[in-house]
Amino acid sequence: MIRPITTRTWFACLAGILLILGDHSISMGADPNEYTLTNGMKVLLIEVPKAPVATVQVWYKVGSRNEVMGRAGLSHMLEHMMFKGTARYPKGSFSRIIRKNGGVDNAFTGQDFTAYFENVAADRVGLALELEADRMQGLLLDHSEFQTERDVVKEERRLRSEDDPQGALVEALFAQVFMSHPYHWPVIGWFADLDAMAIEDLQRHYDTFYSPNNATLIVVGDIKADSLLPIIKRLFEPIPRGPSPKHVLPPEPEQRGERRFLLKRDAQVPFVMTGFRIPNYSSDDSYALNLLESILSHGKSSRLYQSLVYEQKMALAVGADYSLLQTDPGLFYFYAVVNPGTKVEAVEEALQREVLRLQNDPPSELELQRAKNQVEASRVFEQDSNFRHAMLMGQAETVGAGWRRINQFVEHIRAVTAQDIQRVAKQYLTPDSRTTGILIPLPPKPPESPPSATHDGKS
């Protein structure tokens, strides 16, 4: 029996191929056809004729970063309301039309962006564009729909944070690391802010940020740019320019000593997270930090997994995370799910030892090349998917990096040396810039006593 090639298997095979090929170049796809409409909207069209499908994505430069104290979650709330209809396409018709035509649609909100997408057959791209153009200018905000959708978002928050102890720790870590910057609050918002939110807040947010000059349209798939551009111009150029939002952020104070906190929640096992503020794409160090993350946490051969899970059996899961594609400097963090019977302090010390090991000794050339191959394979795989390719382009454009940085990514990764990785580990992963959060499971609640057979008072 022939076993199908899964995503994970394909990725492993590709990494091996890259190791054999060494420095031979691999095509990262054609450059997009780039246009700017008269109203300021940027358009990126990428022709991929391998299958008769396409993805349409509209990225707006607005996320939780663009919110103010007391209204956390506003961008995400508006994303939900964008599906509630226009005068031309009433509530529920948007997604129903896409599904009827064999496609799927959805949206997502991040710290730096809000994006909407449709994955459709190539001959249905015009339909998706028509729908997106309509709601860019014609959203109708209804108070009763807002009330209902707010309850939906609050339930979403309960599932993500209130009922997910690890998610709650991630949220608390960002709140401790970023004291002034809006990365402080969660994308989904706080309960109190959601309750205080009014429909007028949503309308103001929509009027400020949902305009063509604050958006990027991306289409990737079996299309012809020359044929599609006139359709895009017809649909989007009549939409007038909006304001040019300028969001002045408060300066984030320098951290001058480790911050620590405990979070007590209903949980099965303890959970440890350690974070450090680090630069984003605007720094050349971002590429070394990307490889540092790969060396520490990419797969079962990574240093953290080998040490804490396989050899010492201290952790059930362990890893690190870093995203260089952010508008502002972000967070490099480690996490570990503590093995029952293991002391939290021992796991924390083991994480710190792995950081020290990299600070004292650079990775071997073999280890470095393996990390480069893994990162490159991941990027090749992402660009092999229409959806993921558009995602990369959209995120890069929205945070200010620009799509060209995506095509230059592998070149920069290949230029990183072992000494670069050692240097950034020393420079950024320091004790005085460390913030550590520990999730402590609450003791089990005692069983409730059975109700008494007698009672006082009137029956």
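For residue 445, a cut-off of 28 angstrom between C-alpha atoms picks up these lysines, skipping any fewer than 8 places away in its own chain: 154, 264, 343.
Remark on residue 440: its backbone amide H falls under 5 Å from those of 263, 264, 265, a criterion applied only to residues 5 or more positions apart or on other chains, H modelled at 1.01 Å from N. Exposed loop sites here mean trypsin sites (Lys or Arg not before Pro) with a DSSP loop assignment and at most 14 other beta-carbon atoms within 10 Å; the chain contains its longest site-free run at 92-223. Each part gets one Cα centre, and for segment 60-137 versus segment 165-222 those centres are 15 Å apart. Compactness of segment 259-441, taken as the C-alpha radius of gyration over 2.2 N^0.38 Å, stands at 1.06.
Sites count as exposed loop sites when they are GluC sites (Glu not before Pro), lie in a DSSP loop, and have at most 16 other Cβ atoms within 10 angstrom; the longest stretch of the chain without one is 1-253. Applying D = kT/(6 pi eta Rh) to segment 93-136, where Rh is the Kirkwood radius over alpha-carbon pairs, T corresponds to 20 °C and eta to 1.002 mPa s, the Stokes-Einstein value obtained is 196 µm²/s.
Step through the table entries 61/84; 42/224; 300/372, compare each Cα-Cα distance with 26 Å, and write down the pairs that go over it. List each step's numbers first, then the result.
On the way: 61/84 21 Å; 42/224 17 Å; 300/372 16 Å.
As for pairs spanning more than 26 Å Cα to Cα, there are none.
With a cut-off of 12 Å between beta carbons, the residues surrounding residue 66 carry a summed charge of +2, where Lys and Arg count +1 and Asp and Glu -1. For the chain, the square roots of the Cα gyration tensor eigenvalues, ordered a ≥ b ≥ c, give a/c of at least 1.5 with a/b no greater than b/c, which places it in the oblate category. The mean of 1/r over all pairs of different alpha-carbon atoms in segment 30-236, once inverted, gives a Kirkwood hydrodynamic radius of 18.1 Å.
Net charge in the neighbourhood of residue 116 (other residues with Cβ under 11 Å of its Cβ; Lys, Arg +1, Asp, Glu -1) is -3. Short to long, the 10 Å bins of the Cα pair-distance histogram for segment 89-212 hold 10, 33, 34, 20, 3 percent of all pairs.
Values in this text are rule-based calculations from the coordinates and carry no lab data. Quick caveat, the model's predicted, so the values are computed rather than measured. Quick reminder, even Gly has a Cβ in these numbers, built from the backbone with ideal geometry, and neighbours come from all protein chains shown.
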